[in-house]
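The values are calculated or read from the model by the stated rules, or taken from the named source; none is laboratory data. Bear in mind that the values here come from a model prediction, so they are computed numbers and not experimental data. Virtual Cβ from ideal backbone geometry, glycine too; neighbours counted across all protein chains shown. Protein only, heavy atoms only, side chains kept; ligands, DNA and RNA dropped before computing areas. Shrake-Rupley method; radii C 1.70, N 1.55, O 1.52, S 1.80 Å.
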Amino acid sequence: MDDQNNSDNKRKAIARTHPAISIQSDSTNVKFNKNGGAYTRGSPISVDRKARVAQLYLDTVENEGKCTSRHLAGLAGVSNGYAAKVITEVKQKGFITDPKDIIKAGYKKQTTGVGSRTRRRQEAEHQQNSKTQEQPQKLSSKSAQKRQQKLNQGATMSSTKRSRPDAEDPTKTDELQLGWSDKQRRILTANGKAAEYYTAERGFPFSENELPHYWLSRGDKALWETFSKWKQESHKGPSSSVSGHQTPQVVGAWKRPLFYGGWEHSSNETEHVFNVQTNTLFVDLRLPVTRLTKARAAAVSSPLEKLTTGHELRVFARQHCFAGFSYTQSADAAVGVSKTTSSGFDQVCARHHWIDWNYVGAPRNRPNKWWIELQPNSNSKTECETQEMPQQWKEWAFATDECGQQYYCERWERLSSLNASSSPLHQRAVLALHSPGGIIVVAHNHFNFCLGQSVGDHLPSTDKTSLTEIVDDFVAQGEFDKARQWLGRIRGGHGTVSSGWEIDAAIEFWMEGQPFWSRETVELKCSRHQKEEKSWWESCTVTWNEQQWQLFECNLESFEQLQEFFDLSFSPTVE
């Protein structure tokens, strides 16, 4: 009986200290008020229910040394499950002394996210209320001080959680989306200093024709003549004594789990990247996960018309897709670079862009050039593959920073070629096609496409240096139609061949879920006398919607295999 009286006395003490909290006695069916008296059963929790239950839990732990969920449920008049949930959340957020602090750290009445302005207002009001109190609240014990320290840690953790792209705060999501392109630029350019690193004096010389937009600015004819020349000179093997393009050791379809440089990074949690590389051509697609997710547009002449606000147009501009030729050499063949710098790398690659989402007429001032480092002992192959292939590799900046380190790195992982409907032919095929309208690349059951205007002469004159600048400027002027004209220049996307060429990711998101092309719109042609020759595919064309696409590269053995490849892709089997 004495033990029961002691327990009730502790509860009375808690009630006097915290008048807003009602506490239920174990021995009776009543509750104590702040004077220790009894009153009839009613709602034991005030307005901020979760915050009060959390505070009751903290105080009970401090006074009694422990508090189980069953104990807390009895004290607060809530279910055992609700009490357990509150205890778990309090432990995750840290011990908190003030109910207002509990609310600020995440125990909000709202069931949806709170915008950054609302959150700042709440915090300002809390700080003002604290200042106007006659006596500032003091931490009464070492345990309370520890709780306050954990509060600070919990607030930091909560802020980190809210910064995730899938957080409930829509304002934060908008900030992440609109800042995506700038963040990618900062990492890729060492915050604008990269051009300073590419000098002969620092050991990183380059020629003008290595710049990514050099051949693009020379026109289609000169560009494709050069690309074809590089293709004819290409060779396999590690020899650095042979001049010309060397077959990349990273042929395939890749995702990018990590991109970092300086003190920033991004990952596959913030963007979806699909990089398809053949022996010659590439298409690289990069889509932030916070992109617009409107339903597919239909029954309009241009789906871009569905984007009716300036904000939507600005968000749509924050994507990227580019395509061209990856000129690759042995790392030892890099001109003007010391052996110490190239040591440890397998190859060096310079990409030359033909179509570029972000190119608006202002060429890049340094090469898109980087080292390839293959993961040791990561090669593997499936039954349908003729040779082992690396499963992971790193792309390192060609030049180094002031500390002698490559200023950015991208880690790439191979996308699986296997699924329920993929055939061995799909899994090993590597194709590249081009036309005046774009590039299509296929590698191990994955395909990327980049279609649209390619040459600077086709673009309206502008003094801006990027697509995002142009769109932001037109939006600020209220000229949405002009912004849409720029945004409609290029189409890009990714999908798998064995799915019937279904697009699963695209710049124009309303294309997702639709087939890239169909049996009815595609026709294959090949000169009969070259079908059995080594380069039989050079005389092959694919006609799609009355436009001819030249087969630039193909690893299949005959025209019949190419026909089988397309027949199988247009007749996917679903298990």
Original post:
With all protein chains present and a 1.4 Å probe, how do D463, D59 order by accessible area, largest first?
Top reply: D463, D59
Original post:
Ignoring ligands, DNA and RNA, how do Y359, Y82 rank by accessible area with a 1.4 Å probe, largest first?
Top reply: Y82, Y359
Original post:
Which order do peptides 214-223, 443-452 fall in by mean Cβ count within 10 Å, highest first?
Top reply: 443-452, 214-223
**OP:** Please report the base-10 log of the normalised intensity I(q)/I(0) for region 296-369, using a Debye sum with one equal scatterer per alpha carbon and no solvent, at each q in 0.17 (1/Å).
**Re:** -0.82
**OP:** Over 25 Å between C-alpha atoms is what I'm after, so list which of K193/K369; K255/K525; K193/K231; K50/K91; K229/K339; K183/K255 land there.
**Re:** K255/K525; K193/K231; K229/K339
Original post:
For D346, what is the net charge nearby, where nearby means another residue's Cβ is under 11 Å from its Cβ and Lys, Arg count +1, Asp, Glu -1?
Top reply: -1
